[in-house]
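Here's the structure we're looking at; comments come further down.
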Amino acid sequence: MTVSLRLYQRFPRRVSTVAGVVLAVFLIITLTNGVLVEYTFRVLDRSFQQYDALLEPDRPQPLIAERAGSINSKSKLDWRELGRAGREFVASGPSAADITAFTGQAALEPIRLYAGLQVADSPMERARLLLDELIRVKAFDRSTLVIITPTGTGWVDPSAMDGLWSTCFMVMWPVWLYSTLI
């Protein structure tokens with residue numbers, strides 16, 4: 001015996017029909033959100049992880065010690081593990097020489113740190129690595145420390161950051177990792 005037939009026996013036909021439709025819509029939405037949405041997010045996460053792991057030959061590893069994963073530093077953040085968006089962020093931006101040439105005044109080297117998902121397994125480990133990096137590059141001696149919230153793919157808008165010179169930039173991805181620092 002179907003649900004609608006049972007409802008017909010206890011309630012008027014119109015009430016039973018409306019209740020049956022509402023129940024069916026509720027079940028469909030619940031199943032769709034629970035299964036379809038979760039599956040879609042898993043597929044998208046996997047494709048973003050594969051894209052994020054690509055190493056671009058035209059993006060060289062930085063030589064500046066104040067950059068995460070640089071060749072000339074004792075950075076605990078490995079260049080290959082920063083991810084595509086992390087490597088793009090760390091390798092971009094003006095250098096102290098660029099800033100000095102533009103302003104005519106001596107400038108500090110901008111610090112750029114980034115910890116993507118591949119850097120460590122847990123949010124606490126990523127936060128610890130970033131804190132160690134902040135201490136290593138003496139970021140707390142700077143007048144400004146910028147903590148950036150990247151997009152869902154880890155991308156940081158470079159034009160939004162380039163105007164902040166001689167500062168320390170720290171990016172943690174995903175956003176919920178910030179709670180581990182507090």
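The values are calculated or read from the model by the stated rules, or taken from the named source; none is laboratory data. In this text, all values refer to a predicted model and were calculated from it rather than measured experimentally. Virtual Cβ from ideal backbone geometry, glycine too; neighbours counted across all protein chains shown. Surface accessibility is based on the protein's heavy atoms, side chains included, excluding ligands, DNA and RNA. Shrake-Rupley method; radii C 1.70, N 1.55, O 1.52, S 1.80 Å.
Pairs, please: C-beta under 6 Å, at least 6 apart or cross-chain, first residue touching a residue at least 24 places away in the same chain (Cβ under 8 Å) and in region 17-32, second hydrophobic (A, V, I, L, M, F, W, C) and surrounded by fewer than 11 Cβ atoms within 10 Å (Cβ to Cβ)?
No pair meets every condition.
For region 84-124, name all the residues that are touching a Leu at 6+ places or on another chain (Cβ under 9 Å), of a type in the set (K, R) and within 17 Å of N72 (Cα to Cα).
R87
Being touching a helix residue (DSSP H, G or I) at 6+ places or on another chain (Cβ under 8 Å), modelled with pLDDT under 80 and open to solvent by less than 100 Å² (accessible area, probe 1.4 Å) is true for just one of A85, A68, A53. Which residue is that?
A53
What's the number of the only condition in (1) of a type outside the set (S, T, Y); (2) within 27 Å of D45 (Cα to Cα); (3) touching a Phe, Trp or Tyr at 6+ places or on another chain (Cβ under 9 Å); (4) at pLDDT 85 or above that F102 fails to meet?
All conditions pass for F102, except number (2).
I need a count of the residues in region 95-108 that are open to solvent by 30 Å² or more (accessible area, probe 1.4 Å) and either β-branched (V, I, T) or within 24 Å of the chain's Cα centre (by Cα) (or both).
So the count comes out to 2.
Looking at region 116-153 only, could you name the residues that are open to solvent by 70 Å² or more (accessible area, probe 1.4 Å), among the β-branched types (V, I, T) and within 27 Å of R42 (Cα to Cα)?
The one that is open to solvent by 70 Å² or more (accessible area, probe 1.4 Å), among the β-branched types (V, I, T) and within 27 Å of R42 (Cα to Cα): T149.
Every residue in region 71-82 that is crowded, with 18+ Cβ neighbours inside 10 Å and among the polar types (S, T, N, Q), please.
Result: S73, S75.
Need at least 3 residues that are farther than 30 Å from A97 by Cα and of a type in the set (S, T, Y) per element, so show me which helices (runs of 4 or more DSSP H) inside region 1-70 make the cut, counting only ones lying wholly within it.
13-31, 38-52
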